[in-house]
1. With Cβ to Cβ distances under 13 Å as the rule, what net charge do the other residues near residue 56 carry (K, R +1; D, E -1)?
2. Would you mind getting me the FRET efficiency between residue 136 and residue 74? Use the beta-carbon distance for r and R0 = 25 Å, nearest 0.05.
3. Stretched out fully, how many nm does the piece from residue 94 to residue 57 gain, at 0.36 nm a residue minus the Cα gap?
4. Using only the Cα atoms of region 29-142, build the gyration tensor, take square roots of its eigenvalues as a ≥ b ≥ c, and label the shape rounded, prolate or oblate: rounded if a/c is under 1.5, else prolate if a/b is larger than b/c, else oblate.
5. When the Karplus curve 6.51 cos²θ - 1.76 cosθ + 1.60 is applied with θ = phi - 60°, which whole-Hz ³J(HN,Hα) does each residue of region 96-101 get, with x for Gly and Pro?
Amino acid sequence: MKKLLSILSAALLVALVLSGSIAHSALATDPCASAQGDPPGGDDPDPTIAGTVTNATTVTPISGASMYLYVCVDETSVAVTSTTTNSSGRYVFSDLDGPAWYYVAAGLTGPLANMVPATGTQNPTALVGVGDGDLDLDLAFE
């Protein structure tokens, strides 16, 4: 079953990349391949990953950007869910299972079409260990 999940998740990742839903660099190296050690844990995790997507040039929020959440399973990315940023450029992924390694990818379509990550912004993000508490992952594009 785990092998089937790995194959299906890899196929989904390729399909998203080919459709332009996430950055083409995501195909070159699966961020989950670099997962090392156990993520932070807790007795009753109820973590949230949230952030703001902005235009680095105009310093304004970007609404309607597609955001994708992935979890690492056996060092392979598995799509969890997606959402879009609100009028304040904010996105939220809540009630996540933990402890686990996650990462977020912004789709380079719609309002992010023809944009690139601003200096210091990784898309997809680096792996984040989710246990107890909330994480804030802001992304900027230009």
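Each value in this text was obtained by applying a stated rule to the coordinates, not by laboratory testing. None of these values were measured; they are calculated from a predicted model. Heads up, the Cβs are rebuilt from the backbone with ideal geometry, glycines too, and the neighbour counts pull from every protein chain shown.
1. With Lys, Arg at +1 and Asp, Glu at -1, the net is -2.
2. About 0.35, to the nearest 0.05.
3. Full extension of this stretch gives 10.4 nm more.
4. Values: a/c = 2.17, a/b = 1.64, b/c = 1.32.
Note, shape of region 29-142 comes out prolate.
5. The phi angles translate into 7, 7, x, x, 6, 8 Hz.
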